[in-house]
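Undergrad: Could you have a look at this structure, given as structure tokens, before my questions?
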Amino acid sequence: MSWKLNKANEVEEIRKIYGLTLESLIKEGKPIMVCDADLAGSSGASFIYTKYPNNSVNFGICEANMIAAAAAMSMTGLKPYVHSFAPFVSRRVADQLYVSAGFAKNDIHIYATDPGYWSQYNGATHTTFEDLAIMRSIPGVNIVAPSDAVQFKWVLEYYEEHGGIFYNRCTRKPIPKLYEDGSTFEFGKALWTHKGTDVALIAIGASVNDAIQAREELSKLGISASVIDLFFVKPIDEELIKQVIREHKSVVTIENHNRFGGIGEHIGSIIANEGVQVKLRQVCVNDRYGEVGDFKYLKETFKLTKEDIVIAAINSLNK
Amino acid sequence: MKNYKEMELFAKEIRILTSQMFLHRGDGHIGGAFSIIESLSVLFSNYINQGKVKDYFVLSKGHAGPSYYATLALLGHIPMDQICTLNENGTILPSHPDRHKTPGVDCTTGSLGQGISQAVGIAYGLKIQKKSGMVFCIIGDGEFQEGEVFEALQFASGKKLDNLIVFLDYNKKQVDGLVKDVSCATNFTLFFESLGIHSVTCNGNDIQEVDTAIKQCMNNDDVANVVILDTVKGFGNKFFEKQFNPHHVTFSKEEMHALTESVKEMKKG
Ligand SMILES: Cc1ncc(C[n+]2csc(CCOP(=O)(O)OP(=O)(O)O)c2C)c(N)n1
Ligand SMILES: [Mg+2]
């Protein structure tokens, strides 16, 4: 693992990286199969379908069939990469994932897009605050929540090389590029991006940026915060978390997901198992359904803003 | 009861209001919202009772919500001053219908395939309790690919749901292109026949034809019914009719102009 924080103020559109990375894998002659269920046009990989017909297939609006078929395709030597909006490749296909991918030990990479509030104007039916809970409970499913394009790309390439089942929970939209190009990561390893001494902010996905901003606010208040980019929701980096909970006075978890079955609960169980005396506060969705709206509104409505993180951090340090 | 002229006028009003909602918002699922407007006009004019007998309407292709909302607003269910809040923060008009948010909306949809299952469930519930009331459900031809649609149709056939009429919006297009390219070409008439479902095909953008087709599907004992609506995606706006696929459009200047002009024209004519 050798990563560096990106000093420049850049953003990168994740779906663009999806298309470009898959194309370069195809050009290298890797036996990949890019799959979609009538949302290729939204995935950033739509050009693959015209340019590389032997490396792509559109299943139509048939997510259940796509998951089981793509997983089984891996038995023929192909590495399937499927995409749809997160609800349609998690909630809707839980049994296909469980049996045809998980239990049958086939390979599949799932780009589950626009999780949580990222669904914006599509509303509740397209919002996932429960996908991590579903995925976490299926044995053998690796769950990643990249915080930027560099991590996202690394996952695509890692899967091509090693296979397995990857649930890649990520937006399609442009988000800050946190890491320098060429940074490498490690399977199952979190990243302690900013060191502090009082409170540890453990976040996933684009919420890592909110944590970093909250850290700056906290430092103005004289509170020293660490930021941990969890990256792998499963397998979780127990080793690092055990260290973090010992070296801080309190812990705040941040996730664009429901309280139940998310990272907060998991880290809480590690704290309890270790018997460490450290307060935990969760910035997460409090058992609600999604709704339509812009980011600002949705983050405020579900209490996932940088201010919510600051409040939770202060709260966690109060005796 | 409305006559054909009145239903044509109602369709025009729905189309004007839907266009205004889209213009205000600047984007939306215009193609699929426009292709069903004639059906909405006929159904809500002469078939859907909201009185003592309660009929149900299920927009299974939930992304067409805007024209459904426009219809409900013109009928007085949704306050007119709310109509342009489509998709705004805190709105009662989310892109996909939510029965607890919007007055007049019967079913919560937006995950394709689930609306028709809800429709067969309601139809069966009514039938088994000998309650009157019809169930009208609109599905998309892309949506038709969901396995769940097949499951629902088998149930409808097996349980002889003669209080159900499913409308298939055969506009030949879905997100990634033509239905026949993304999925496969389907002979729907043969398909429904093989399931023992009575089907009628009509020009789905012609008030009179839609009305006649519905008449042929009402009061058929012991058989489920489907109306295959042969439609044009984006119907009623020349610009979008011609577009390769006006599924979800973030309107360019040109498109905003085309919409504005067509509203003017509709208001005149
Ligand atoms: C289960 C599910 N999968 C995918 C989507 C995303 N989606 C919304 S509309 C659409 C295409 C629908 O095509 P069609 O049914 O033909 O609708 P129409 O042409 O009438 O707009 C897709 C794939 C969804 N809403 N639900
Ligand atoms: Mg269609």
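The values are calculated or read from the model by the stated rules, or taken from the named source; none is laboratory data. Everything numeric in this text was worked out from a predicted model, so none of it was measured. Cβ atoms come from the backbone with ideal geometry, glycine included; neighbour counts cover every protein chain shown. Protein only, heavy atoms only, side chains kept; ligands, DNA and RNA dropped before computing areas. Shrake-Rupley method; radii C 1.70, N 1.55, O 1.52, S 1.80 Å.
Undergrad: Taking only the range B:67-91 into account, find how many residues are under 28 Å from B:Ile165 (Cβ atoms) and either of a type in the set (Phe, Trp, Tyr) or more than 16 Å from ligand 2 (Cβ to nearest atom) (or both).
TA: 13
Undergrad: Moving on. Only one of these conditions is not met by B:Ile128: (1) buried (at least 18 other Cβ atoms within 10 Å of the Cβ); (2) more than 14 Å from chain A (Cβ to nearest Cβ); (3) among the β-branched types (Val, Ile, Thr); (4) more than 15 Å from the chain's Cα centre (by Cα). Which number is it?
TA: Here B:Ile128 meets the rest and fails (1).
Undergrad: Suppose we keep only residues that are within 16 Å of ligand 2 (Cβ to nearest atom) and at positive phi within the range B:92-120. Which one would you say is surrounded by the most Cβ atoms within 10 Å (Cβ to Cβ)?
TA: Only one residue tops the list, namely B:Gly113.
Undergrad: Is one or more of the residues making up the range A:81-94 out of contact with any strand residue (DSSP E or B) (no Cβ under 7 Å at 6 or more places or on another chain) and open to solvent by 60 Å² or more (accessible area, probe 1.4 Å)?
TA: Looking for residues that are out of contact with any strand residue (DSSP E or B) (no Cβ under 7 Å at 6 or more places or on another chain) and open to solvent by 60 Å² or more (accessible area, probe 1.4 Å), one finds at least one in the range A:81-94, hence yes.
Undergrad: Right, next: Being within 16 Å of ligand 1 (Cβ to nearest atom), under 19 Å from B:Ser199 (Cα atoms) and not charged (D, E, K, R): is that true of B:Ser183 here?
TA: For B:Ser183, the condition - within 16 Å of ligand 1 (Cβ to nearest atom), under 19 Å from B:Ser199 (Cα atoms) and not charged (D, E, K, R) - is not met.
Undergrad: Are any of the residues in the range B:72-94 under 17 Å from B:Phe235 (Cβ atoms), of a type in the set (A, V, I, L, M) and in contact with a Lys or Arg (Cβ under 8 Å, 6 or more places away or on another chain)?
TA: no
Undergrad: For the range A:87-140, give me each residue that is of a type in the set (A, V, I, L, M) and over 13 Å from the mean Cα position of the chain (by Cα).
TA: Passing the criteria: A:Val89, A:Val93, A:Ala94, A:Leu97, A:Val99, A:Ala101, A:Ala104, A:Ile108, A:Ala124, A:Ile134, A:Ile138.
Undergrad: Can you tell me which residue within the range B:160-177, out of those that are assigned to a strand (DSSP E or B) and open to solvent by 10 Å² or more (accessible area, probe 1.4 Å), is farthest from ligand 2 (Cβ to nearest atom)?
TA: B:Tyr170
Undergrad: List the strands (runs of 3 or more DSSP E) inside the range A:1-70, counting only whole elements, that have at least 2 residues being more than 14 Å from chain B (Cβ to nearest Cβ). Before you say what the answer is, go through the steps one by one.
TA: Working: elements: A:11-13, A:32-36, A:56-58.
The strands (runs of 3 or more DSSP E) meeting that bar are A:11-13, A:32-36.
Undergrad: With respect to the numbered conditions (1) within 16 Å of ligand 2 (Cβ to nearest atom); (2) farther than 26 Å from A:Gly116 by Cβ; (3) in contact with a Cys (Cβ under 7 Å, 6 or more places away or on another chain); (4) not aromatic (Phe, Trp, Tyr), which one is the sole condition not fulfilled by A:Gly60?
TA: (3)
Quick grid of which residues meet (1) more than 14 Å from the chain's Cα centre (by Cα); (2) more than 14 Å from chain A (Cβ to nearest Cβ); (3) surrounded by fewer than 18 Cβ atoms within 10 Å (Cβ to Cβ); (4) on the phi < 0 side of the Ramachandran plot:
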position	(1), (2), (3), (4)
B:His29	no, no, no, yes
B:Val42	no, yes, no, yes
B:Gly51	yes, yes, yes, yes
B:Lys54	yes, yes, yes, yes
B:Glu88	yes, no, no, yes
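For every residue, the table says whether it meets (1) within 30 Å of B:Gly115 (Cβ to Cβ); (2) open to solvent by 20 Å² or more (accessible area, probe 1.4 Å).
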residue: A:Ala72; (1), (2): yes, yes
residue: A:Gly116; (1), (2): yes, no
residue: A:Ile138; (1), (2): yes, no
residue: A:Pro146; (1), (2): no, no
residue: A:Phe152; (1), (2): no, no
residue: A:Thr171; (1), (2): yes, no
